[in-house]
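Derivation of every value follows stated rules applied to the coordinates shown; laboratory data play no part. Source: prediction; values computed, not measured. Cβ coordinates were reconstructed from backbone atoms using ideal geometry, including for glycine residues, and neighbour counts include every protein chain displayed.
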Amino acid sequence: MKTSSQAKKAPRRPAPITGVLCGTDFSENARAAAEVGAQLAHEWEQPLTLAHATLETNAAAARTALSREGARLRKASSAGILTRLLEGEPSEVLADRTAVGSTRLVVVSSLGKRGPARWFLGSVAERTAERAKVPTLVVRNSETLNSWLRGERSLRVFIAFNFTQTSDAALRWVRTDLLPTRPCELVIAHVNWPPEEGSRIGGATPIRLEGNPPEVQRVLVRDLKARANELLGTDDFKVRVEPNWGRPDVRLADMAAEEEADLIVIGSHQSHGLQRLWHHSISRGLLERSSASVAVVPTPPAARHGDGTVPWVWRVLTATDFSAMGDRAVAHAYALLPQGGTLRLIHVAAPGAISDSKQIQGKPTAKEAVQQRAYVESCQRRLEALIPAEAKERGVETEIAVLSADQAARELRQEAERFGADLVCLGTHGRSGVAKVLMGSTAQAVLASSARPVLLVRPPAE
């Protein structure tokens with residue numbers, strides 16, 4: 001039987017840290033970053049824990065230096081200053097402390113580029129930002145941040161956004177932590193890959209080397225403004241949307257410099273190790289290239305399963321081929337807007353259609369052109385007949401369109417993006433397996449390819 005002294009000791013859990021955690025190596029840059037951390041802790045009415053991590057077994061000198069630095073900060077700041085000497089590799093132990101307790105922010109300094117080996121291992125600041133469970137502020141220009149915290153100027157904040165959960169987390173952090181602290185001027189930037197957006201949104205204008213086609217630019221700007229307004233709770237910001245054929249971090253760093261940003265905010269997927277070799281990190285790229293301070297915001301685990309809010313449906317796209325199944329889906333689409341909104345009701349006709357079964361081959365004659373216009377007008381009347389009488393009473397506005405495309409599924413997917421649909425409602429036979437392969441399904445193809453939520457309406461059981 002083992003005695004208590006022989007029993008294996010359970011691993012010690014890191015002691016929790018509340019408020020702001022600031023890592024220091026006692027350099028001038030670290031001292032400046034600690035002053036920023038102390039001011040932030042004071043503004044947030046929370047303590048600052050100044051931590052130094054070391055692998056040395058005899059840490060007497062480090063303990064003395066840490067005590068002196070803590071005393072210096074106490075004289076300069078009214079925030080509560082705590083000191084903690086940690087054992088281990090700096091980025092690992094700092095990140096470990098954010099996994100427990102209620103740490104709000106990690107503050108570290110960075111000297112910038114340090115040679116080729118950094119690409120593989122990264123600086124302590126970069127590794128901390130990649131591992132920490134809470135936002136990490138990498139301080140480059142401390143005086144800019146300090147003057148903002150003293151109320152002497154507003155902070156020019158550049159937010160890199162790419163319509164993902166990581167970007168949402170960055171905007172939420174700006175709203176909850178930066179905007180209530182002191183005045184900020186916000187610039188939200190998005191760079192897009194032209195072939196991808198051209199395929200997603202479509203449009204009549206071909207892809208260009210300089211500038212997005214007007215249809216693509218309009219949709220991207222609209223969606224960026226809408227998402228930012230929703231997450232920030234304000235429309236007081238500037239947006240920049242640009243096409244980019246190279247690495248996004250390079251262009252974003254240049255854009256931040258053009259905007260004279262004091263702080264760059266970027267969401268992070270926190271990949272590291274071997275993942276870093278296979279998936280380029282935009283956050284690390286900005287940390288390497290930018291001369292401004294950078295805040296790296298991780299996505300909270302809970303946010304990956306939704307933010308707990310019920311999304312409102314105000315814009316619904318629906319389509320019919322005038323079959324009983326398609327018309328039934330239109331009725332269900334109106335049911336999705338009981339408190340008003342906009343419904344876009346469309347029919348996709350084959351190119352050159354002059355009836356439900358006939359198409360023009362080649363250039364239309366004058367007579368065929370008249371027949372084509374008459375067919376489109378007849379389709380519009382059939383769509384109008386599907387509008388329920390109570391739609392207006394509910395405050396639902398209906399937009400009608402007859403579109404021409406040889407691939408209906410692609411046209412519907414692109415139209416959903418151009419319209420900005422909150423939801424797409426389509427009818428389906430519900431076929432699967434061999435029947436689906438033989439018959440084909442526009443609705444199933446839209447479901448498989450659209451980034452928008454899709455509701456499929458099945459026919460009633462017979």
Using the Karplus equation 6.51 cos²θ - 1.76 cosθ + 1.60 (θ = phi - 60°), what ³J(HN,Hα) coupling, rounded to whole Hz, does each residue of segment 409-415 give in order, writing x for Gly and Pro? 4, 5, 5, 5, 4, 5, 5
Reach of LYS238 by Cα under 13 Å, taken over aspartates and glutamates that are not fewer than 8 positions away in the same chain: GLU185, GLU259
Averaging the inverse of every distinct alpha carbon separation and then flipping it gives the Kirkwood radius. What is it for the chain, in angstrom units? 25.9 Å
Unit charges on C-beta of K, R, D, E only; dipole of segment 14-139, Debye: 160 debye
Using the Cα centre as the reference, give the magnitude of the dipole from point charges on the C-beta atoms of the chain (Lys, Arg: +1; Asp, Glu: -1; all else neutral), rounded to the nearest 20 debye. 1300 debye
At q = 0.24 Å⁻¹, base-10 log of I(q)/I(0) for segment 27-78 (Debye sum, equal scatterers on each alpha carbon): -0.94
Tilt relative to the chain, helix 28-43 - C-alpha long axis, 0 to 90 degrees, to 10: 70 degrees
Proxy reagent accessibility, fewest Cβ within 10 Å first, across CYS379, CYS22, CYS184: CYS184, CYS379, CYS22
Residues ILE207, ILE159 in order from fewest to most other beta-carbon atoms within 10 Å are ILE207, ILE159
For LYS75, counting only aspartates and glutamates whose alpha-carbon sits under 12 Å away and dropping same-chain residues fewer than eight positions off, the answer is GLU35
Show me, bin by bin at 5 Å from 0, the whole-percent P(r) of segment 14-139 based on Cα pairs. 2, 12, 23, 26, 21, 12, 4, 1, 0
Using only the alpha-carbon atoms, what does segment 205-245 span along each of its principal axes? Please give whole angstrom values in decreasing order. 35, 16, 13
With N set to the residue count of segment 145-269, report its C-alpha Rg divided by 2.2 N^0.38 Å to two decimal places. 1.11
For a quick check: sort THR128, THR234 by the number of other beta carbons within 10 angstrom, fewest at the front. THR234, THR128
Acute angle (nearest 10 degrees) that the helix 366-384 long axis makes with the longest principal axis of the chain, alpha-carbon atoms: 60 degrees
Taking a cut-off of 12 Å between Cα atoms, list the aspartates and glutamates near LYS358, but don't count ones fewer than 8 places away on the same chain. GLU368
